[in-house]
Structure formats: structure tokens, C-alpha cells
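Asks: Quick one: this structure, given as C-alpha cells, is what I'll be asking you about.
A short reminder: the numbers here are calculations on the coordinates, not readings from a lab. Computed from a predicted model, the values in this text were never measured in an experiment. Methodologically, a virtual Cβ is constructed for each residue, glycine included, from the backbone with ideal geometry; neighbour enumeration extends over all protein chains shown.
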Amino acid sequence: MLNLNAKFGRFAKKHLKSEYFVWLTTVDSTGTPQPRPVWFIWEKDSFLIFSKPMAHKLKHIQKNPQASLHFNSADKKAQKRLIIFTGTASIEKNAAPAHKNRAYIKKYKGGITGLDKTPEQFAGEYSVAIRITPAKLRGWE
């Protein structure tokens with residue numbers, strides 16, 4: 001079970017609030033891991049990610065809901081700040097759209113503007129919510 005109150009959990013929790021993106025890894029139909037950087041917020045003890053409806057990661061999640069997430073390491077040798085979450089991903093059908101999620105828009109308004117989109121346009125394009133509930137945490141400071 002995920003414990004964010006233990007020493008390493010508290011360390012990881014700080015990064016859940018401060019990191020701009022996380023690497024999401026799903027598994028394709030051949031069993032090959034497929035990592036990709038995604039925007040996220042930490043909400044309800046889980047990761048909330050928005051996706052385009054035709055993205056391959058959605059097909060991967062439907063066939064195999066096991067997923068992992070990790071942040072970039074703090075140094076070139078990966079000797080500092082390695083944080084890896086593993087858990088289960090699901091498509092959240094009743095989620096509010098991205099532009100209605102205050103925390104998501106607060107965090108990514110600048111990025112959305114950089115895509116030359118309004119929050120409403122972004123939400124229309126990235127209309128599928130993915131919820132990843134982590135079960136395990138590993139790594140080192």
C-alpha cells in the first residue's frame with residue numbers, strides 16, 4: 001500500500017505538488033513498455049491526466065491497466081531523486097473536463113496558452129480523463 005507519510009513518501013509528495021510533468025508508462029499489445037511525458041495533477045490520492053481520445057495510451061490501458069509513473073532524475077547519473085509509482089490506470093468517464101478543473105488549469109494555463117489554445121479548446125482536444133491510482137512507491141532521495 002502507498003504510504004506518503006513515511007520518510008520517502010513525504011519526499012515524493014513534495015514532488016507531486018511541484019513537478020510539471022511525469023513520465024507515464026503503459027504497455028502496448030506486444031508487451032513493450034511505452035513511456036511518454038504527460039501533464040498531471042495529484043488529486044484524490046491519484047494522478048489525473050487528460051488525453052486525446054485517439055491516443056495509443058488509452059488502448060493500452062483498456063487492454064492492460066497496469067501503469068507506472070516517474071519523474072526525471074535530478075542529476076545526469078540518476079543518483080538523486082528517483083521516484084517511481086506503480087499502480088492501476090482507468091478511464092474516468094464522469095470526470096469534469098480539463099477547463100473545469102481549477103487545479104489543472106492553474107497549473108497548466110501557461111502551457112495551454114503556449115499551445116495557442118484556450119482552456120476550452122484544450123479540453124475539447126484532450127477530452128479523456130485518465131485516473132491512475134498508485135499502489136506502490138519506490139526510489140531514493
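Asks: Provide Asp45, Asp28 in ascending order of the number of other Cβ atoms located within 10 Å of each residue's Cβ, fewest first.
Replies: Ascending number of Cβ neighbours within 10 Å: Asp45, Asp28.
Asks: For the range 7-95, with only Lys/Arg (+1) and Asp/Glu (-1) charged at the beta-carbon, what is the dipole magnitude about the Cα centre, in debye rounded to 20?
Replies: On the way: 16 positive and 6 negative charges, 61 e Å.
Rounded to the nearest 20 debye, it is 300 debye.
Asks: Once every DSSP H run of n ≥ 4 in the chain is given -39500 (n - 2.57) and the sum is divided by its residues, what mean residue ellipticity at 222 nm do you get, rounded to the nearest 500 deg cm²/dmol?
Replies: It lands at -8500 deg cm²/dmol.
Asks: Would you mind ranking Phe50, Phe11 by Cβ crowding within 10 Å, fewest neighbours first?
Replies: Starting with the residue having the fewest Cβ neighbours, the order is Phe11, Phe50.
Asks: While we're looking at this one, here's another question. Sort Leu16, Leu69 so that the residue with the fewest other Cβ atoms within 10 Å of its own Cβ comes first and the one with the most comes last.
Replies: In order of increasing Cβ crowding within 10 Å: Leu16, Leu69.
Asks: Now, a different point. Taking just the alpha-carbon atoms of the chain, what radius of gyration and Dmax come out, in angstrom?
Replies: In Å, with Rg to one decimal and Dmax whole: 15.0, 42.
Asks: Can I ask one more? Keeping to pairs on different chains or 8 or more places apart, tell me how many lysine pairs in the range 7-95 have Cα atoms under 22 Å apart.
Replies: Lysine pairs, 8 or more places apart or on different chains, close enough: 18.
Asks: Further question on the same structure: Work out from phi, with θ = phi - 60° and the Karplus expression 6.51 cos²θ - 1.76 cosθ + 1.60, the ³J(HN,Hα) of each residue of the range 101-118, listed in order in whole Hz, and give x for Gly and Pro.
Replies: Whole-Hz 3J(HN,Hα) from phi for the range 101-118: 8, 4, 5, 5, 5, 4, 6, 10, 4, x, x, 5, 4, x, 8, 6, 10, 7.
Asks: When the gyration tensor of the range 1-49 is built from Cα positions, what are the square roots of 5 times its three eigenvalues, in whole Å, from largest to smallest?
Replies: Semi-axes, largest first: 24, 13, 10 Å.
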